[in-house]
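Worksheet: one structure, shown below.
The values are calculated or read from the model by the stated rules, or taken from the named source; none is laboratory data. Just so it is clear, the structure is predicted and the values come from calculations on it, not from any experiment. Don't worry about glycine lacking a Cβ; one is built from the backbone with ideal geometry, like all the others, and counts go over all protein chains shown.
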Amino acid sequence: MKLTIPLLRDRHSHPLLYAALMDSVDLNRPGETRASALERIRAGALGGGTGWTIATGWNSGRFALAKADFDDLPAVVVLSLSIHGLIVNDAGRALVRLHDKVVADHLDDQDWIERNLRRVLNLFARAGGSSGRLREFFEHLRTLGVHHAEEMLLVDEDEIRMFDEAGLADRTRFWAAPEAYDAASPANRERIHGIKLFTDGAIGVTTAALHERYRTADHRGMLLYSDEALTALIARYSPEKPMAIHAIGDAAIDQVVSAIEAARPGGVLHEIRIEHAQFISEGTARRAKALGLHLSMQPNFSEDSVMYADRLPAGYPERNNPFRMLIDRVGFVPGNDLYFGSDGMPHGAQPALQQSLFPDGKHEGQVLTLDEFVAGYCYPDMTHGSIDVETDAAGRVVSVVVNR
Ligand SMILES: [Zn+2]
């Protein structure tokens, strides 16, 4: 089947961070092995140049890497696919220390990293980000079929200036952590679309908060707020701005929905989005729908069912990204209260379509129709451009051509 669809509007990205990381060694490639990853990182680190050699997209479910693999090299940083975990070698630690001594002191403390993720990521976004880099990055996104990409973690006010300088402010929307929002000037506060909170971590590093124990760890992940603290934050910010609340595990999603019920008993004023919502249960989805909440989800995370089958508890892989339950049984409508994005893992129309129409997870509940994909992921029309998509009888994506 051949069809032409509008360009994508990626509802969840980190443009300045990804712009800063554009020259990094990308380990999220088909067929990457431990040996090829080590070889490419070594070549990068020994190839001269100053500063860090950064590798991104490392999936610990595919192959192991450790600090000791890199300690004989100049500064190396390996970011996990979820960007919630990182490995920094000895030389890299010395360099991190120059930028942020506190981060340098906590590089082996995953609990601290989760609670201070913005500070950790900002270090790299600030070191490599610029308006020129942003321009290159958005040109690259355009070649992948993406016109608009929301900034889910504003680095600081300077990022707004960079977007203005690059002429790209109309191709993003700024979401800021409470402390970044509070610190901004009144004029920049106006420019900030909404407030972003994290309530748990990620599956790859076993910090997403589940109701059951991980197979590979003696815990259920972590909740970053007490119920009271989360309710207070929602009560504080939601009357003023839209909110986007990161929750991946079922325990985190349940906590978010309960906190919103407690903070906004009369219903929500501005949009409140749950970011990721991967393990949302049907009961909680019904409560979220009744509250008028929106879900911002990543079809490319359907693959987590396979990638992280080793660590997810029994019964969890098949409940990841339950699009059919949300749409068919609970009544979420793509484009109305269900939106799609990539979180940059990876960006682009091709992987998004592949994972939506024929997910590698191969759980029936994860499959979207092309109409649902277009409604939840694309511009309403072809004003900005179009993409030709060809699928085979089984629904596999045969080709994706982004029209200039
Ligand atoms: Zn994100």
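Key figures for this structure:
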read-out	value
Filter result for Leu230 (at pLDDT below 95 and either farther than 29 Å from Met345 by Cα or not in a strand (DSSP E or B) (or both))	no
Test: residue in the range 351-360 that is within 28 Å of Met22 (Cα to Cα), in a strand (DSSP E or B) and touching a helix residue (DSSP H, G or I) at 6+ places or on another chain (Cβ under 6 Å)	no
Matching entry among Gly204, Gly221 (being assigned to a loop (DSSP other than H, G, I, E, B), under 26 Å from Met307 (Cβ atoms) and within 16 Å of the ligand (Cβ to nearest atom))	Gly204
Matching residues, the range 1-54, being under 24 Å from Leu121 (Cα atoms), away from the ligand (no atom under 16 Å from the Cβ) and of a type in the set (Asp, Glu)	Asp23, Asp26
Hey, Asp158 not small (Gly, Ala, Ser) and not in a helix (DSSP H, G or I) or not	no
Candidate set: the range 324-350, residues that are in contact (Cβ under 8 Å) with a residue 12 or more places away in the chain, part of a helix (DSSP H, G or I) and of a type in the set (D, E, K, R); chosen: the one nearest to the ligand (Cβ to nearest atom)	Arg324
Hits in the range 139-157 - residues which are of a type in the set (D, E, K, R), more than 16 Å from the ligand (Cβ to nearest atom) and touching a residue at least 12 places away in the same chain (Cβ under 8 Å)	Arg142, Asp156, Glu157
Of all residues making up the range 124-160, the number that are surrounded by fewer than 16 Cβ atoms within 10 Å (Cβ to Cβ) and either within 19 Å of the chain's Cα centre (by Cα) or of a type outside the set (Gly, Ala, Ser) (or both)	5
Cβ pairs under 8 Å, 6+ apart, first in the range 80-100 and without any contact (Cβ under 8 Å) to a residue 60 or more places away in the chain and within 17 Å of Ala37 (Cβ to Cβ), second aliphatic (A, V, I, L, M) and assigned to a helix (DSSP H, G or I)	Leu86/Ile113; Leu86/Val120; Val88/Val96
Residue that is within 25 Å of Gln350 (Cβ to Cβ), of a type outside the set (Phe, Trp, Tyr) and buried (at least 21 other Cβ atoms within 10 Å of the Cβ), where the choices are Leu3, Leu17	Leu17
